[in-house]
Amino acid sequence: QVQLAESGGGLVQTGGSLRLSCAPSGRTRGVYSMGWFRQDPGKERELVAYINWNGGITIIPDSVKGRFTMSRDNINNTVYLQMNNLKPEDTAVYYCALAYDSLRGPGGPDYWGRGTQVTVSS
């Protein structure tokens with residue numbers, strides 16, 4: 001089993017920044033991708049950013065491009081989501097996820113974190 005521990009959420013004003021962290025613990029096998037999803041009540045969960053097993057990073061929603069970046073610390077085995085110039089529409093629960101195959105495949109991630117709340121006040 002793999003556990004994903006997220007941290008870094010909170011309340012911030014419009015224009016502020018937050019950095020989310022996620023570190024897997026437990027026994028992982030082989031290579032895997034990790035990503036950040038977010039979900040606001042009443043909306044579908046969306047994939048925000050992910051890093052492939054080979055290190056390639058993709059930011060998906062146009063609404064966050066130029067504001068969000070994702071990185072990985074291979075020494076500490078931790079992934080980060082740096083969120084700058086936050087807007088009220090970024091308010092959501094942000095989930096860390098891990099997938100051995102594909103984060104966006106039919107089966108989705110193999111493991112999920114419990115989520116961390118990000119609230120951006122106007």
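The values are calculated or read from the model by the stated rules, or taken from the named source; none is laboratory data. From a predicted model like this one, the values you see are computed outputs, not experimental measurements. Positions of Cβ are backbone-derived with ideal geometry, glycine not excepted, and every protein chain shown enters the neighbour counts. Areas reflect the complete protein model, heavy atoms only, side chains present, ligands, DNA and RNA absent. Shrake-Rupley method; radii C 1.70, N 1.55, O 1.52, S 1.80 Å.
Counting only protein heavy atoms, what percent of the accessible surface of the stretch 9-122 is carbon or sulfur at a 1.4 Å probe? Don't skip to the answer; put the middle values down first.
Values: 2770 of 6140 Å².
On the stretch 9-122, the fraction of accessible area on carbon and sulfur atoms equals 45 percent.
Could you state the accessible area per residue of the chain in Å², with a 1.4 Å probe and every protein chain left in place?
On the way: 6610 Å² over 122 residues.
With the other protein chains kept in place, the chain gives 54 Å² per residue.
For the stretch 1-70 and the stretch 81-110, what is the separation of their C-alpha centers, rounded to whole Å?
When both Cα centres are located, 4 Å separates them.
With label points built 7 Å along Cα→Cβ from the Cα atoms of S71 and T119, find their separation and express it in nm.
2.9
Once the Cα atoms of the chain are picked out, what are the Rg and Dmax in Å?
Using the Cα atoms of the chain, the pair Rg, Dmax is 13.6, 43 Å.
Report, in debye and to the nearest 20, how large the dipole of the stretch 55-122 comes out about its Cα centre when Lys and Arg carry +1 and Asp and Glu carry -1 on their Cβ. Mind showing how you got there, number by number?
Numbers: 6 positive and 6 negative charges, 23 e Å.
Approximately 100 debye in magnitude.
Which listed residue (G66, Y94, A23) has the Cα farthest towards the positive end of the charge dipole for the stretch 19-122, taking +1 on Lys and Arg C-beta and -1 on Asp and Glu C-beta about the Cα centre?
My answer, from the dipole projection, is A23.
Please get the size of the charge dipole for the chain, origin at its Cα centre, with Cβ charges of +1 on Lys and Arg and -1 on Asp and Glu, quoted in debye to the nearest 20. Please list the in-between numbers first.
Values: 12 positive and 10 negative charges, 34 e Å.
In total the dipole reaches around 160 debye.
Suppose the chain between I57 and V31 were pulled fully straight at 0.36 nm per residue; how much longer would it get relative to their current alpha carbon spacing? Display every interim value, and only then the final one.
Values: separation 26, 0.36 × 26 = 9.36 nm, distance 1.50 nm.
Full extension from I57 to V31 adds 7.9 nm.
Along the Cα-to-Cβ line of N85, 7 Å from the Cα, sits a label point; which residues in the stretch 1-39 have backbone N less than 20 Å from it?
12-20
Simple spin-label model, 7 Å along Cα-to-Cβ: D40 to R19 in nm?
2.6
To one decimal place, what orientation-averaged projected area in nm² is obtained for the convex hull of the Cα set of the stretch 50-93?
Working: hull surface 14.6 nm².
Reported value for the Cα convex hull: 3.6 nm².
Along the Cα-to-Cβ line of Q3, 7 Å from the Cα, sits a label point; which residues in the stretch 91-106 have backbone N less than 14 Å from it?
Inside the label zone: nothing.
Once phi is turned into θ = phi - 60°, what whole-Hz ³J(HN,Hα) does the Karplus curve with 6.51, -1.76 and 1.60 give for every residue of the stretch 46-51, x standing for Gly and Pro?
Whole-Hz 3J(HN,Hα) from phi for the stretch 46-51: 10, 7, 9, 7, 8, 10.
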